[in-house]
């Protein structure tokens, strides 16, 4: 019983960590009024950069930093397009979802003998209780360090958005950029920072897949997590804690499928695998309802235009 | 000057510029990796144009993504972001495979029924997204993403089911031959047909070496019909009104919610049609286990955006995309550069399409300067 429970908790946390980073990235970008559909692409490039640098430097922490930088770099493109050039943010984000995986696989082939996957890293990111756990319960809850890091990231983002002057500025820029501008807030600068931060977080998310959950980058390491993170942003009503909760729910539903999949339930595994997604829709229908995006989400800000 | 301004204002100009940037960025990436871009693009060009069968394959590849692109473009005009085309495609493929396998009718009945079932499945799946948005206010992007995954697992469930799984394979049984939508499927293999084709090399290459089918024709017809619906009918005006300003549409008495559902039904049917044409028109005429999304719907998104959400534009953008995807394979074979350079290129094109708002703005600036000079 305790064993099963701890297993369920462990898998839930493990699955949700990459999603949480991605979703927090989505929250911060959209709070500042820039839709970021490119989370998937940024996570993929982060997943590759993390695994590649982790492999060559033999230091997973350097890998994590590289992942953040790679994601941030991709996000910079999105920021230039959507903030400076007033581009269509939806399209620009979709473009990054093509460029990110394309670039990741292209570079991967160059540095790993034409293969689309990296070699496994020598050292993954550490587990919270260290390597030597022999009790099955502690083994189950001995999650990757990315799990508490994700929690810390959520808490920081929550604190910044709700308790600081900075946060207030981000809200203002996302809700009513013209008003924010008249108050002397630098709309473009704020949006740049938020979009780049969103890429850095997404990059971390990618790396928490390829430096913690699995030890290497593969073409399917990131397959849809970015979109699920995006869904979690909407589900969590564009708040850090809401998105965090949504990711946990999602991770839990995933864990449940893994848990029940081992022949414990008389249901085909494919049907079980649908559960998280159906559950999400059901929860939305029953409890959440109308979504409330930041008012200026997706609108480029042009000075002097009403 | 006037001419330049006019030219810059045309939507096609921005698209062409975006495509040029795509080639430019791809060249830089190739150069940086130590490959010769000229050779790579030569291989790409040859991989598309050097043989009739290549061209035929490009059209076969372009058909489904053109249709899903029309689906996305249509929904976009109606104010909905149909990222769920992927899922609608998958359920369309499931339905047309099942109906095509279970029914044993003469082709004249079988083909329409199989195609209609694919369209109906896609329509219902798309309509569900519209309904959830209209009734409960749930963001269509969210439901789309969830339903894409549900469709993927549903497809795998069907593939693994006792009734449809073909033993010793990772796929279902194929559809009955009477469901085929290839060009002259029986004649081309008959003695008479083979004798004729032996004398016409060109035709024989296309007919015998590729699954040349009615898919692309269906895409063109669908694009034209959607254009007509959007721009030449009252219903289409309603869709566009809801799409451009739903508050204003509501105030002028247009039933916004009903239009949402209807638009998603149509968009879903188009994605379902894409799948039905693939199942009936190309080998292996069945669905297989999906390890990941095949991107038929997601590619449609890119194509629709390259086309500037114009249904007619989707035909050309679809061909371009199909050509890049198909011809891109020869880059790796001939030059050794990773095929993924094509994805980078397509991504760059889409990225610059997003930036194209600058081009008309540039035209405005040029015009103003022109006026100042004239004064």
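Tell me, please, whether a residue that is surrounded by 24 or more Cβ atoms within 10 Å (Cβ to Cβ), touching a residue at least 60 places away in the same chain (Cβ under 8 Å) and within 13 Å of residue A:198 (Cβ to Cβ) can be found in the range A:56-63. No, the conditions are met nowhere in the range A:56-63. Among the residues of this structure, residue B:322 does not count as one that is part of a helix (DSSP H, G or I), more than 20 Å from residue B:231 (Cβ to Cβ), within 14 Å of another protein chain (Cβ to nearest Cβ) and modelled with pLDDT of 95 or more. Across the range B:278-302, which residue is nearest to the other protein chains (Cβ to nearest Cβ) among those that are closer than 30 Å to residue B:38 by Cβ and in contact with a helix residue (DSSP H, G or I) (Cβ under 6 Å, 6 or more places away or on another chain)? Residue satisfying both the conditions and the ranking: B:302. Put simply, of B:335, B:359, B:341 the only residue that is surrounded by 18 or more Cβ atoms within 10 Å (Cβ to Cβ) and over 25 Å from residue B:306 (Cα atoms) is B:335. Tell me whether the range B:303-310 contains one or more residues that are part of a helix (DSSP H, G or I), touching a helix residue (DSSP H, G or I) at 6+ places or on another chain (Cβ under 9 Å) and without any contact (Cβ under 8 Å) to a residue 12 or more places away in the chain. Taking every residue of the range B:303-310 in turn, none turns out to be part of a helix (DSSP H, G or I), touching a helix residue (DSSP H, G or I) at 6+ places or on another chain (Cβ under 9 Å) and without any contact (Cβ under 8 Å) to a residue 12 or more places away in the chain. Residue-level check: of (1) within 14 Å of chain A (Cβ to nearest Cβ); (2) surrounded by 13 or more Cβ atoms within 10 Å (Cβ to Cβ), residue B:163 misses just (2). Of the residues making up the range A:211-220, just one is crowded, with 24+ Cβ neighbours inside 10 Å and under 19 Å from residue A:114 (Cα atoms), namely A:217. Counting only residues that are touching a helix residue (DSSP H, G or I) at 6+ places or on another chain (Cβ under 6 Å) and part of a helix (DSSP H, G or I), the range B:326-348 holds 15 of them. When every residue of the range B:137-150 is checked against the conditions, none turns out to be crowded, with 20+ Cβ neighbours inside 10 Å, out of contact with any strand residue (DSSP E or B) (no Cβ under 6 Å at 6 or more places or on another chain) and away from chain A (no Cβ under 12 Å).
Of the candidates A:210, A:280, A:218, the single residue that is in contact (Cβ under 8 Å) with a residue 24 or more places away in the chain, within 13 Å of another protein chain (Cβ to nearest Cβ) and in a helix (DSSP H, G or I) is A:280.
Quickly run through the range B:2-26 and pick out the residues that are farther than 24 Å from residue B:307 by Cβ and in contact with a helix residue (DSSP H, G or I) (Cβ under 6 Å, 6 or more places away or on another chain). Passing the criteria: none in range.
If you go through the range A:112-125 one residue at a time, do you hit one that is at the interface with another protein chain (Cβ under 8 Å from one of its Cβ atoms), touching a residue at least 60 places away in the same chain (Cβ under 8 Å) and in a loop (DSSP other than H, G, I, E, B)? Looking for residues that are at the interface with another protein chain (Cβ under 8 Å from one of its Cβ atoms), touching a residue at least 60 places away in the same chain (Cβ under 8 Å) and in a loop (DSSP other than H, G, I, E, B), one finds none in the range A:112-125, hence no.
Only a single criterion out of (1) surrounded by 24 or more Cβ atoms within 10 Å (Cβ to Cβ); (2) more than 14 Å from the chain's Cα centre (by Cα); (3) in a helix (DSSP H, G or I) is not satisfied by residue A:44, namely (2). Filtered by the rule that a residue be without any contact (Cβ under 8 Å) to a residue 24 or more places away in the chain and either in contact with a helix residue (DSSP H, G or I) (Cβ under 8 Å, 6 or more places away or on another chain) or within 14 Å of chain A (Cβ to nearest Cβ) (or both), the range B:100-115 gives a lone residue, B:113. One residue alone among A:152, A:137 is closer than 30 Å to residue A:5 by Cα, part of a helix (DSSP H, G or I) and modelled with pLDDT of 95 or more, and that residue is A:152.
Of the helices (runs of 4 or more DSSP H) lying entirely inside the range B:125-241, those carrying at least 3 residues that are farther than 30 Å from residue A:249 by Cα are B:191-199, B:201-209, B:215-232. Checking each residue in the range B:66-76 for being away from chain A (no Cβ under 14 Å) and either surrounded by fewer than 24 Cβ atoms within 10 Å (Cβ to Cβ) or over 17 Å from residue B:317 (Cα atoms) (or both) picks out no residue at all. Could you tell me whether residue B:75 is in contact with a helix residue (DSSP H, G or I) (Cβ under 6 Å, 6 or more places away or on another chain), in contact (Cβ under 8 Å) with a residue 24 or more places away in the chain, closer than 23 Å to residue A:99 by Cα and part of a helix (DSSP H, G or I)? So residue B:75 does not fit the description; no. Yes or no: residue A:26 touching a residue at least 40 places away in the same chain (Cβ under 8 Å), crowded, with 24+ Cβ neighbours inside 10 Å, within 11 Å of another protein chain (Cβ to nearest Cβ) and under 15 Å from the mean Cα position of the chain (by Cα)? Taking the combined requirement at face value, the residue does not satisfy it. Against the criterion of being more than 13 Å from the chain's Cα centre (by Cα), exposed (fewer than 15 other Cβ atoms within 10 Å of the Cβ) and at positive phi, residue A:184 qualifies. Taken together, A:231, A:243 contain a single residue that is more than 25 Å from residue A:65 (Cβ to Cβ), within 13 Å of chain B (Cβ to nearest Cβ), touching a residue at least 40 places away in the same chain (Cβ under 8 Å) and crowded, with 24+ Cβ neighbours inside 10 Å, which is A:231. The combined condition, being in a helix (DSSP H, G or I) and over 22 Å from residue A:109 (Cβ atoms), is not fulfilled by residue A:37. Residue selection: residue B:317 satisfies the criterion of being more than 8 Å from chain A (Cβ to nearest Cβ), surrounded by 23 or more Cβ atoms within 10 Å (Cβ to Cβ), part of a helix (DSSP H, G or I) and in contact (Cβ under 8 Å) with a residue 12 or more places away in the chain. When the range B:1-24 is filtered for residues that are surrounded by 13 or more Cβ atoms within 10 Å (Cβ to Cβ) and not in a helix (DSSP H, G or I), only B:10 remains.
The values are calculated or read from the model by the stated rules, or taken from the named source; none is laboratory data. Remember, it's a predicted structure, so these values are computed and weren't measured experimentally. Positions of Cβ are backbone-derived with ideal geometry, glycine not excepted, and every protein chain shown enters the neighbour counts.
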